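Student: Have a look at the structure that comes next, please.
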Amino acid sequence: MNSRPASAGSERDDRPKVGLGLPAADPAVLLDWARRADAGPFSSLGLLDRLVYDNPEPLVTLAALATATSRIRLQTEVLIAPVHNTAVLAKQTATLDRIAGGRFTLGIGVGGREDDFRAAGTDVRRRGSRLDEQMALLRRTWAGEPYGEDAGPIGPAPLTPGGPEVLFGGFVPAALERVARWGDGFLGAGLPPQAMDDLFRQVESVWDRHGRAGRPRLVAQVNAVLGPDEVIAEARRNAHRYYSFGGDLADQVVESMLTTAGQIRAAVDAYTGIGADEVVFYCWGTDPGQVERLAETLF
């Protein structure tokens, strides 16, 4: 059992927290997005991770965004840990937590697109067991202990005691078990409220079964875009290209994308109604004006 206490974010806050998922299509616009979001009411900024894709590397990018912001949390959604070197990842995440002043959340998962694993030289079939091994090493390293028998501690120490907040993404039982064994909460992506409700309850059940104190932080992520027709069209193209590996999945993602103020307000009500501590709207269109449009819609 992991004795790590529940994160500060695990205390219930009746005010809805809303985060933004940053568009990955154009790294040049991300500083503008971050500054606008930091000046507004949003709680977090997230960035996806892929290796064989033209997205910006998330840890490098979030470090840059940390210097351009002062309040908003920064998180990976989700980092595909098994394609990363574990010792380097421990150092990168601790460094980012310090640069961000403790505002970094490590959203983490196993991934599953074989080309990422081939490029990294790791075995996609071992991704689950590799992530478990990585989490043990990350927790040990963040606590200041030696990395291994023949290797000493890896610094710097993270600013957050015990390491940055960790949210696990995924849909299978093993992912939910990791929330209780190693994490602070769960990041559920792309599911309607009824299906997400079931996952949230499973996470809480596993958390209790492992004897964890407090409650897990629960985050729901939804694909959304607000803007003129050309902004919506660009967002749909970007999302379809990203999910094209999954065949019909790409069409389903595009069809379910929220595109109106009413849909977006209803989503916040629905997900907070099933216990979400935060709702993150992943924005596939690059137009930074979406930040203000979403803020006006929700706040």
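No lab work stands behind these numbers, since they all come straight from the coordinates. Quick caveat: nothing in here was measured; it's all calculated off a predicted structure. Virtual Cβ from ideal backbone geometry, glycine too; neighbours counted across all protein chains shown.
Student: Would you mind checking the tilt of helix 127-142 against the longest principal axis of the Cα atoms of the chain, expressed as 0 to 90 degrees and rounded to 10?
Tutor: Taking Cα atoms only, the helix is inclined about 70 degrees.
Student: Let me ask something else. Relative to the longest principal axis of the C-alpha atoms of the chain, give the angle of the C-alpha long axis of helix 261-273, reported between 0 and 90° and rounded to the nearest 10°.
Tutor: Result, in degrees: 40.
Student: Moving on. What Kirkwood radius, in Å to one decimal, follows from the Cα pairs of region 81-216? Could the numbers behind the result be given before it?
Tutor: On the way: mean 1/r = 0.0635 Å⁻¹.
With all distinct Cα pairs of region 81-216 included, I get 15.7 Å.
Student: Taking only the alpha-carbon positions of the chain and ignoring solvent, what does the Debye formula give for the base-10 log of I(q)/I(0) at q = 0.10, 0.13, 0.14 Å⁻¹?
Tutor: For the chain, the Cα-only Debye profile gives -0.50, -0.89, -1.05.
Student: Along the three principal axes, how long is region 180-299 when you take its alpha carbons, biggest first, rounded to the nearest angstrom?
Tutor: 50, 36, 23
Student: Can you give me the C-alpha center-to-center distance between region 204-226 and region 87-165, rounded to a whole angstrom?
Tutor: Result: 21 Å between the Cα centres.
Student: List every residue whose amide H lies under 5 Å from the amide H of V18, counting only residues 5 or more places away in sequence or on a different chain, with H placed 1.01 Å from N in the peptide plane.
Tutor: Residues meeting the criterion, in which the H sits 1.01 Å from N, are S43, V279.
Student: Something else about it: Per residue, what volume in Å³ does the convex hull of the Cα atoms of region 144-225 enclose?
Tutor: Numbers: hull volume 11.9 nm³, N = 82.
So the per-residue Cα hull volume is 145 Å³.
Student: Sequence gap at least 6, Cα distance under 8 Å: using those rules, report the relative contact order of the chain to the nearest whole percent. Present the calculation step by step, with values, prior to reporting the outcome.
Tutor: Working: 569 pairs, mean separation 66.3, N = 299.
Averaging sequence separation for qualifying contacts and normalising by length gives 22 percent for the chain.
Student: Based on DSSP H runs of at least 4 residues, each adding -39500 (n - 2.57), what is the mean residue ellipticity at 222 nm of the chain after dividing by all its residues, to the nearest 500 deg cm²/dmol? Show your work: numbers first, answer last.
Tutor: Working: 11 runs with 131 residues, N = 299.
Mean residue ellipticity at 222 nm (helix-derived): -13500 deg cm²/dmol.
Student: For R118 and D208, what is the calculated FRET efficiency with R₀ set at 25 Å and r taken between the beta-carbons, to the nearest 0.05?
Tutor: Working: r = 39 Å, r/R0 = 1.57.
Rounded to the nearest 0.05, the efficiency is 0.05.
Student: Angle, helix 193-209 long axis vs. longest principal axis of the chain, Cα atoms, 0 to 90°, nearest 10?
Tutor: On a 0 to 90 degree scale, this one is about 20.
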